[in-house]
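This report concerns only the one structure given below.
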Amino acid sequence: MRKAAIVGMGYTVPQTITPQLSYREMIFEAAVKAYENSGIHPKDVQSFICVSEDFLEGVSIFDEYVPDQLGANLKSVHTISADGIFAIISGFLQILTGKFDIVLVEAHSKASNILNPNEVIAFAQDPVYNQPLRLNPHYIAGLEMNRFLYSSGNTREQCAKVVVKNKKNALKNPLSAYPAKIEIEDVLNSALLSDPLRKMDKSQHADAACVFILASEKIAKSITPNPIWIKGAGWCSDDPSLETRNWDEAVYAKLSARQAYKMAGIQNPKQINLAEIDDSYSYKELQHLESMGLCRKGESGLLLEEGYFEHDGSLPVNISGGNLGAGFLFEASGAFKIVELILQLSKEAGCRQVKNASLGLAQVWRGVPTATGAVIILERED
Amino acid sequence: MELKGIGLEEEIFKISKKSEKSMKMEFKGVSLKESDFKEKKILSLENKPNLKYAWDTGVAIGRFLAELKQGRLIGRKCCKCRRIMIPPRMFCEVCFKPNDEWIYLKDKGTVNTFSICYVSWDMQKLKEPQIPAVIEIEGASKMMGILHLLGEVEPKEVKIGMKVKAVWKEIDKREGAITDIKYFKPI
Ligand SMILES: [Zn+2]
């Protein structure tokens, strides 16, 4: 099979607000850095793939507004309405066709510009059955968390520990908007949103832009001595219906991980050295770990308490700080998980560097009310 | 947003029967009246999203709007391709590099294209038609300009290539928006 690698990237620092830059100026900054980082010129890029969701941008048919700031004027561009990891997978697949050697991928978040994000999320619910109830959409996470704790045996306190760990990890990551040193009690004493979910269980929005350059095997090594290879990818959607979906596990994560492991030739998920996974809500990290087979059902909480997912543990998880520590970036959330993997696999993660990191997994979920996610596996070959 | 369910099954059945018989397959549809919805003869569900945004203007748009409030047009110059761009942006999309200088431009230009619009945005007939036009601003590069309305002119007098000038709102009524220019009028 053909191969594809990520050979360069550029990003802006996730921040709670970014009034100094328009989205175009923010994306331009990320693009310039990605071109500089890879030594690629915009004219060498054969295909540009962006992600955006009109309701998050506040402009319909937003894809019309992306070319200028990427150097993609009059070139092949398309936008997909999904997380950045889906765009990387699309770029990967374009390269596998053999028709493209250099593809650019862009993702961004101007979440601070959405004045009532809960309304956008609520508007994604089924308009006939769910929206008329006028519930704050985080109730969906409350429903899911309740069922997850019930069926897995993990505890409320263990979910709080996820927040403590990820916010602590973010303290060492300059690309994070919500680092903090907190205790389990802080989470348990924070306001109830939708029982058992509390305010601090939920990640908060941030703004940032991120651009990647992907290249075919043929030219990757001429661009960088250490390309980060895309070894496997999977994506999946479970039943959108809140009434009939499987609330016991994240089926979309299970099946997309299975697809990615198969493509990557991974027999045992234990081969993976580090994982950057969705933790939009505290319990999601535990649920996703179990669903992807990165630990056994019902064991994630205990392993967390034992330090298994810490920086020096057997499987460091969300060393970047995850969405809880670094910020929830809507469709750019997955992109920043890839940023962390690339820094780690390139041994450029500084004080966060995970020893012997060579095979990493990134996973993303598109948030409530969706049951959609993707997994990607990256490897550095020495 | 509206979801419509049809409650007039019989009516539809009749029509589809008819079209089965005829050689031509015509789908005439069912005529519905406003009252059919009001009287709930047609099942429907209304839903209005409550979405609100406040876009960061950033450097380029922010300065452009601030200058409009002062009654001035400003553009940016790229020293590599020498283009002078309005509305301004902080990078040149052709050269793909940050551009270089702010340049004040005259508040007049030439009509590149125009149309005479006889319906309002929600398709109501207008008493006075509106005349949207693309105005190439004097001093800026070719194809650089402002989309605005033309005023103080009879629709039939408007021509491509016509010279026009901005008519500004009074200074205390300006708010840093494209509507600080009321319209462009012929010179
Ligand atoms: Zn230029």
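Among the listed residues A:Leu188, A:Leu171, A:Leu93, which satisfies the condition of being under 30 Å from B:Asp56 (Cα atoms), more than 14 Å from every other protein chain (Cβ to nearest Cβ) and open to solvent by 30 Å² or more (accessible area, probe 1.4 Å)?
Going through A:Leu188, A:Leu171, A:Leu93 in turn, the sole match is A:Leu171.
Taking the residues in segment A:69-90 that are within 14 Å of chain B (Cβ to nearest Cβ) and touching a Cys at 6+ places or on another chain (Cβ under 8 Å) as candidates, determine which candidate is farthest from B:Cys95 (Cα to Cα).
Only one residue fits best here, namely A:Val77.
Given (1) open to solvent by 10 Å² or more (accessible area, probe 1.4 Å); (2) at pLDDT 95 or above, where does A:Ala349 come up short, assuming only one miss?
(1)
Only one of (1) closer than 22 Å to B:Trp55 by Cβ; (2) open to solvent by less than 50 Å² (accessible area, probe 1.4 Å); (3) of a type in the set (S, T, N, Q) fails for B:Thr110. Which number is that?
It fails just one condition, (1).
Going by what's in this entry, would A:Pro174 be described as within 20 Å of A:Asn246 (Cα to Cα) and touching a residue at least 12 places away in the same chain (Cβ under 8 Å)?
no
When A:Gly39 is evaluated against the numbered criteria (1) on the phi > 0 side of the Ramachandran plot; (2) under 22 Å from the mean Cα position of the chain (by Cα), which criterion, by number, is the only one it fails?
(2)
Being modelled with pLDDT of 95 or more, under 17 Å from A:Ser300 (Cα atoms) and among the small types (Gly, Ala, Ser), is that true of even one residue in segment A:228-238?
no
Counting only residues that are more than 16 Å from A:Asp83 (Cα to Cα) and more than 14 Å from chain B (Cβ to nearest Cβ), which one in segment A:96-122 is nearest to the chain's Cα centre (by Cα)?
A:Val103
How about segment B:54-143: which strands (runs of 3 or more DSSP E) wholly inside it have at least 1 residues that are closer than 19 Å to A:Asn73 by Cβ and within 13 Å of the ligand (Cβ to nearest atom)? Quick ask: steps written out before the conclusion?
Working: elements: B:73-77, B:101-105, B:108-114, B:117-119, B:125-130, B:132-137.
Output list reads B:73-77.
Given the residues A:Pro137, A:Pro127, which is the only one that is under 29 Å from B:Asp56 (Cα atoms), of a type outside the set (Gly, Ala, Ser) and either part of a loop (DSSP other than H, G, I, E, B) or open to solvent by less than 10 Å² (accessible area, probe 1.4 Å) (or both)?
Just a single option satisfies the conditions, and that option is A:Pro137.
Going through segment B:52-94 one residue at a time, which ones are among the hydrophobic types (A, V, I, L, M, F, W, C), within 30 Å of A:Asp54 (Cβ to Cβ), within 13 Å of chain A (Cβ to nearest Cβ) and open to solvent by less than 50 Å² (accessible area, probe 1.4 Å)?
If the condition is that a residue be among the hydrophobic types (A, V, I, L, M, F, W, C), within 30 Å of A:Asp54 (Cβ to Cβ), within 13 Å of chain A (Cβ to nearest Cβ) and open to solvent by less than 50 Å² (accessible area, probe 1.4 Å), then B:Ala54, B:Ala60, B:Phe64, B:Leu65, B:Met85, B:Met90, B:Phe91, B:Cys92 are the ones that fit.
Tell me yes or no: at least one residue of segment A:44-51 is of a type in the set (Phe, Trp, Tyr), touching a strand residue (DSSP E or B) at 6+ places or on another chain (Cβ under 6 Å) and open to solvent by less than 30 Å² (accessible area, probe 1.4 Å).
yes
Filter segment B:137-148 down to the residues that are modelled with pLDDT of 95 or more and surrounded by fewer than 17 Cβ atoms within 10 Å (Cβ to Cβ), then identify the one that is nearest to B:Met85 (Cα to Cα).
Per the criteria, the residue is B:Gly139.
Mind telling me which of the residues A:Lys218, A:Lys262 ends up being surrounded by fewer than 23 Cβ atoms within 10 Å (Cβ to Cβ) and either in contact (Cβ under 8 Å) with a residue 60 or more places away in the chain or not in a helix (DSSP H, G or I) (or both)?
Selected residue: A:Lys218, the only one of A:Lys218, A:Lys262 that is surrounded by fewer than 23 Cβ atoms within 10 Å (Cβ to Cβ) and either in contact (Cβ under 8 Å) with a residue 60 or more places away in the chain or not in a helix (DSSP H, G or I) (or both).
The values are calculated or read from the model by the stated rules, or taken from the named source; none is laboratory data. Because the structure is a prediction, the values reported are computed rather than measured. Every residue, glycine among them, receives a Cβ derived from its backbone with ideal geometry; neighbour counts consider all protein chains shown. Heads up: the accessible areas ignore ligands, DNA and RNA and are worked out on the full protein's heavy atoms, side chains in. Shrake-Rupley method; radii C 1.70, N 1.55, O 1.52, S 1.80 Å.
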